[in-house]
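Below is one structure; the comments refer to it alone.
Computed from the coordinates by the stated procedures, all read-outs in this text should not be read as laboratory data. Everything numeric here is computed off the predicted structure, so don't read it as measured data. A quick note on method: Cβ atoms are made from the backbone with ideal geometry, for glycine too, and the neighbour counts reach across all protein chains shown.
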């Protein structure tokens, strides 16, 4: 605390916090232009403003409150780190019957950058397992022209995936529905049993795997990378989503 007090006295902490808040705010705004706006980017904007305000109030806040704020901030940061580590520990054996790719939004009729990364991960998998069936998941979003599943199918076909290897799941509006409807398709398509690989963004893989186990889909997993520009907003959104599914499970 002596070091912190010394830094506080000379305004170093204030400058660092203002810079951190400003960079976070710029990142959140940039994310909105790269991908669709979501609750994560909204929360990031609010947090960024709070960081800047906190910087200007530093000397008026008691040390005990500073410590409390640091502890409160560490908890979600550590959980976000866990999500990223889990999401990058894929375990496909390339003998699975099906690939389940979850949607991530559209811009008009085109897939967003995060969704393209998921589909690219699926294409890499399909090159190693040419016999797997692909289930693309995603219904019609708000103000959408086509379903996510149709846009995903077009993307895969444009990169050489045969149409007869792709099955659309085009009714879902969230992860739970995607996996529930995908299981119905799998049970019909593979009546004697099946094994799948789940493909989604790395930060989203823990929740996807957790829901799949409750839905009854035996599956391995493979996480798609997340661009640094979208990582803060997506992790914030995912922390809330994980908390919700753990506290209020949809099944």
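Some observations on this one:
- Compactness of the range 2-87 - radius of gyration and Dmax, Cα, Å: 14.8, 44
- For the range 43-86: rounded, prolate or oblate by the Cα gyration tensor [a/c cutoff 1.5]: oblate
- Share of pairwise Cα-Cα distances greater than 16 Å in the range 208-251 is 52 percent (whole percent).
- Shape call, the range 83-135: gyration tensor on alpha carbons, a/c limit 1.5: oblate
- Translational D in µm²/s for the range 176-238 (Stokes-Einstein at 10 °C, 1.306 mPa s, Kirkwood Rh from C-alpha pairs): 126
- Cα-based shape type of the range 98-247, given that a ≥ b ≥ c are square roots of the gyration tensor eigenvalues and the cut on a/c is 1.5: rounded
- Scattering curve values for the range 91-180, log₁₀ I(q)/I(0), Debye with Cα scatterers, q = 0.14, 0.17, 0.20, 0.21 Å⁻¹: -0.43, -0.64, -0.88, -0.97
- Between helix 39-56 and the chain: long-axis angle, C-alpha atoms, 0 to 90°, nearest 10: 10
- Note on the chain: GNM, Cα springs under 10 Å; of 75, 100, 47, the largest mean-square fluctuation is that of 75.
- Cα-based values for the chain, radius of gyration first and Dmax second, are 21.0, 70 Å.
- Burial ranking of peptide ranges 193-199, 142-148, 54-60 (average Cβ count within 10 Å, highest at the top): 193-199, 142-148, 54-60
- Rounded tilt (10° steps) of 113-128 against the dominant C-alpha axis of the chain: 40
- Inter-part distance where the range 145-223 and the range 73-117 are each reduced to a Cα centre, Å: 12
- Between helix 231-247 and the chain: long-axis angle, C-alpha atoms, 0 to 90°, nearest 10: 70
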